[in-house]
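Trainee: I'd like to ask you about the structure that follows.
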Amino acid sequence: MSLRIGITQRVEVAASYAERRDCLDQQWTVLVQQLGLTPVPVPNSVDNAASWLDAMALDGYILSGGNDLSCLPSPTCPAPERDRTEQAILDHAYDMSLPVLGVCRGLQMMNVYLGGSLHLVEGHVATRHAVTATSDDARFTDYTVANSFHDWGVTLEGLAEPLQSCLTAPDGTIEACKHRQRDWIGIMWHPERETPFTQTDIRLIDWLFRGNL
């Protein structure tokens, strides 16, 4: 039986229908299934997220991109219900020692959850840039370049104490980090937006959820 991985969803407002919609890039399903895992979209509007997570008994989580955190000044497309859902996921994953991959907003959420801060960055929207390893962790040493789609980033000074920097961008901001005591990894690039998916991303995600390196 394949591992079941919960994937959080962005919130989009369809004004003409007066609807708030949970949305997920279909490429996430393609990528997760290519890894032999079963994707499970996580809803943002259940009455009790903690009870839902307990009942689903998933094997790990991906915090996907999209939506600024509501705590930021003048956030773009904030979704407080998503913030609460992802906070519940991190509570649950920490207590159950479950692996978590935070992607872009997911790394930001992980950092803020653990006591870190975010900062506006320039030159990180719809581009690619070099990345440099800041640890000898073999999961990251093969990365040399990453895509980039974010306005908010994490500096070394703003990195939460439980997290360790693994990759940085040319401006010194964090591109990847890992938790010192849990199987949590945060990355600022989007593996689902690579065509085809890269072997470095496939190896990284496979290691996180299966322990294969």
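The values are calculated or read from the model by the stated rules, or taken from the named source; none is laboratory data. What you see is a predicted model; the values in this text were computed from it and never measured. Glycine gets a Cβ as well: all are built from the backbone with ideal geometry, and neighbour counts include every protein chain shown. Surface areas here come from the heavy atoms of the whole protein model, side chains and all, with no ligands, DNA or RNA. Shrake-Rupley method; radii C 1.70, N 1.55, O 1.52, S 1.80 Å.
Trainee: Pick out the one residue from Leu107, Leu90 that is buried (at least 18 other Cβ atoms within 10 Å of the Cβ) and within 21 Å of Ala146 (Cβ to Cβ).
Mentor: Leu107
Trainee: Regarding Asp95, is this residue open to solvent by 50 Å² or more (accessible area, probe 1.4 Å) and in a loop (DSSP other than H, G, I, E, B)?
Mentor: Considered against the rule, which asks whether it is open to solvent by 50 Å² or more (accessible area, probe 1.4 Å) and in a loop (DSSP other than H, G, I, E, B), Asp95 comes out as no.
Trainee: Let me ask you something else. Does the stretch 27-47 include one or more residues that are out of contact with any Phe, Trp or Tyr (no Cβ under 9 Å at 6 or more places or on another chain) and of a type in the set (Asp, Glu)?
Mentor: Yes, because at least one residue in the stretch 27-47 is out of contact with any Phe, Trp or Tyr (no Cβ under 9 Å at 6 or more places or on another chain) and of a type in the set (Asp, Glu).
Trainee: Another question about this same structure. If you check His129, His124, which single one turns out to be open to solvent by less than 30 Å² (accessible area, probe 1.4 Å) and more than 17 Å from the chain's Cα centre (by Cα)?
Mentor: The unique qualifying residue is His129.
Trainee: Restricting to the stretch 156-185, name every residue that is outside any loop (DSSP other than H, G, I, E, B) and closer than 19 Å to Val125 by Cβ.
Mentor: Start the filter on the stretch 156-185 by keeping residues that are outside any loop (DSSP other than H, G, I, E, B), which leaves 163-168, 174-179, 184-185.
Of everything in the stretch 156-185, those that are outside any loop (DSSP other than H, G, I, E, B) and closer than 19 Å to Val125 by Cβ turn out to be Leu167, Thr168, Ile174, Glu175, Ala176.
Trainee: Now for a separate question. Do you know which of the residues in the stretch 1-59 that are surrounded by 11 or more Cβ atoms within 10 Å (Cβ to Cβ) and small (Gly, Ala, Ser) is farthest from Leu90 (Cα to Cα)?
Mentor: Gly36
Trainee: I would also like to ask the following. Tally time: how many residues in the stretch 2-47 are in a strand (DSSP E or B) and touching a Pro at 6+ places or on another chain (Cβ under 7 Å)?
Mentor: 3
Trainee: A further question follows. For the stretch 168-180, does any single residue satisfy the condition of being open to solvent by 50 Å² or more (accessible area, probe 1.4 Å), modelled with pLDDT of 95 or more and farther than 30 Å from Asp59 by Cβ? Quick ask: steps written out before the conclusion?
Mentor: Step one: of the stretch 168-180, the residues open to solvent by 50 Å² or more (accessible area, probe 1.4 Å) are 170-171, 180.
Those left that are additionally modelled with pLDDT of 95 or more: 170-171, 180.
With the extra rule that they be farther than 30 Å from Asp59 by Cβ, the set shrinks to 170-171.
Yes, the stretch 168-180 has at least one match.
Trainee: Still on this structure, please answer the following. Does His150 satisfy the criteria of being under 20 Å from Gly66 (Cβ atoms) and in contact with a Cys (Cβ under 8 Å, 6 or more places away or on another chain)?
Mentor: Numbers: under 20 Å from Gly66 (Cβ atoms): yes; in contact with a Cys (Cβ under 8 Å, 6 or more places away or on another chain): yes.
Yes; evaluated as a whole, the condition is true for this residue.
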